Amino acid sequence: MKPDHDYAMYVAQTPVMNAAWAFAVAYWIDRDMRAAWRVTHPTLRRCWTQAWLSPLLAHGRVDGHPEAVVEAFAEDEVRHEFWEPFAHAQVSRSTPLALDREAWGMQANPDLVAPYMMLVRLVSTAPTGAGRSDEPCSSVPLLMQYDAGPGWRLLNFASERMPVPGWRPPRFGEV
């Protein structure tokens, strides 16, 4: 490829990679659910909220209208009494990654999955900072979707499939 073409592709991919990295840093390093939430897609928010609420509903720990909670949590800035317990539960439950800028990075050339949807991989690098093709590395898929206005947002993580909201239970990409 021509250097101009390579540069243009890199520049075009920068926003999606920056949004993916913003989620990774907020969620796995800073453990800041509110900052992570701002870069997630409303579909993922709905699934995540339903997954958290489902066992609470089953045990009678939530009164009222669960759909109202799901819709409140679909917003960029959540102002709901359940937000703090939810956020605490999510960062407490998340599998911590030894994520830092020296040991992790984004895969070059994200995969186009569908129009306005790309798959980015957060990958660990070798201790030398340069991975070899014969060295195993850890990777976390980050499915990103473009929305007019907010731009690129995380649609799913740890899965390459679209999440599907629902109460029995939501699907995060499992077959």
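The values are calculated or read from the model by the stated rules, or taken from the named source; none is laboratory data. Source: prediction; values computed, not measured. Neighbour counts are summed over all protein chains in view; Cβ atoms, including those assigned to glycine, are modelled from backbone coordinates with ideal geometry.
In this structure, is Val62 among the hydrophobic types (A, V, I, L, M, F, W, C) and either modelled with pLDDT of 85 or more or part of a helix (DSSP H, G or I) (or both)?
Answer is no for this residue.
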Might you check whether a residue that is modelled with pLDDT under 85 and either buried (at least 16 other Cβ atoms within 10 Å of the Cβ) or of a type in the set (A, V, I, L, M) (or both) occurs anywhere in the stretch 141-160?
yes
Contact list, first residue from the stretch 68-88 and under 18 Å from His41 (Cβ atoms), second anywhere and part of a helix (DSSP H, G or I) and charged (D, E, K, R), beta-carbon distance below 6 Å, six or more apart or interchain, is Val70/Arg46; Phe73/Arg45; Ala74/Arg45; Ala74/Arg46; Asp76/Arg38
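Restricting to the stretch 84-109, give me the number of residues that are at pLDDT below 80 and either in a loop (DSSP other than H, G, I, E, B) or aliphatic (A, V, I, L, M) (or both). Even if it seems obvious, please write down each step before you answer.
Restricting attention to the stretch 84-109, the residues satisfying the condition of being at pLDDT below 80 are 93-109.
Then drop every residue that is not either in a loop (DSSP other than H, G, I, E, B) or aliphatic (A, V, I, L, M) (or both), which leaves 94-103, 106-109.
Total satisfying the criteria: 14.
Being more than 16 Å from Pro15 (Cα to Cα), over 13 Å from the mean Cα position of the chain (by Cα) and modelled with pLDDT of 90 or more is true for just one of Val123, Val113, Val70. Which residue is that? Step through it out loud before you land on a result.
Working: Val123 fails: modelled with pLDDT of 90 or more; Val113 fails: modelled with pLDDT of 90 or more.
Answer to the check: Val70.
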